[in-house]
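This report concerns only the one structure given below.
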Amino acid sequence: MSDAHFTYVLRLGDNALVLGQRLSEWCGHSPFLEEDIAMANTALDLIGRARMLYSHAGRLEGRGRDEDALAYLRDEREFGNFLMCELPNGDYGFTLVRQYLLDVYHRHLYAALTESRDDELAAIAAKAVKEAAYHARRSGDWVLRLGDGTAESNARCQAALDELWGYTAELFTPDAVDSAMLEAGVAPDLATLRTRWEADVLARLAEAGLTVPADDWQAEGGRAGRHTEHMGRLLAELQFVQRAYPGQQW
């Protein structure tokens, strides 16, 4: 096991956990009951995915850290999630545009990971890709409904896309970990992944009457532990019980 292998799987878990935590904040606050249930179920899918990935990462590391230790006992700079995952939810349009961009990414990523040389990761991916396909269909339907809806819903989604688009480059910018895992046959080629992602996303955005912003600013740093000011507050809530009452079990 290499450090890169552990880090790669750990970062997948971080993306799932942090995004799941954000979506769970909608529980009891979604615009109507069916969406409240759907959003909560999506959050549960992501947190369940994080559990599997953290357990696998812990075994790869071989230091006795389990899923709880990796989720609750690491500090902000030790998390390697994408910055987009940790952004506050904003309005429902912002949440769903972000979710769509990430859902399509995850659908293609986990489809590719089913062919990973890491057999356990491939098995996790085989489960995750089914969930990601459903998530992408649901969030994509909502992007179309809101983008092609009223003038206000279109404007809110366009504002969300304008804010979020600069965060998408981080999804496809390889670092040393990605390169090592690609060479080892564990991870897919991010350039190929980007081509597939863009084909789906750009077509749906055009159908929804949304325009990709021309501004080419790019946010980065999440995978290296450089986060937004929002991450610390997210972790303070996520980790509070374990930090306040260490070692407790359900």
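Figures for the structure shown
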| item | result |
| --- | --- |
| 222 nm mean residue ellipticity, helices alone, for the chain (DSSP H n ≥ 4; -39,500 (n - 2.57); rounded to 500) | -22000 deg cm²/dmol |
| Distance histogram for segment 191-250 (every C-alpha pair counted, 10 angstrom bins, percent rounded to whole numbers) | 15, 25, 26, 19, 15, 0 |
| Highest-MSF residue in the chain out of PHE240, PHE32, PHE172 [GNM, Cα springs under 10 Å] | PHE32 |
| Gaussian network model of the chain, springs between alpha carbon atoms under 10 Å - residue of PRO31, PRO174, PRO188 with greatest fluctuation | PRO31 |
| Net charge, ARG138 excluded, C-beta distance under 15 Å - Lys, Arg +1, Asp, Glu -1 | -2 |
| Relative contact order [Cα under 8 Å, 6+ residues apart], the chain, whole percent | 25 percent |
| Over segment 1-101, volume per residue of the alpha carbon convex hull, in Å³ | 95 Å³ |
| Neighbourhood charge, 13 Å Cβ-Cβ cut-off, centred on LEU121 and excluding it, Lys, Arg +1 and Asp, Glu -1 | +1 |
| Sorted by Cβ density within 10 Å, fewest first, the residues ARG11, ARG74 | ARG74, ARG11 |
| At least 18 Å along the helix axis (C-alpha) and Kyte average at least 0.5, DSSP helices within the chain | none |
| Where N is the number of residues in segment 57-214, Cα Rg divided by 2.2 N^0.38 Å | 1.14 |
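Laboratory data are not the source of any read-out in this text; all were calculated from the coordinates shown. All values derive from a computational prediction rather than experimental measurement. Cβ atoms come from the backbone with ideal geometry, glycine included; neighbour counts cover every protein chain shown.
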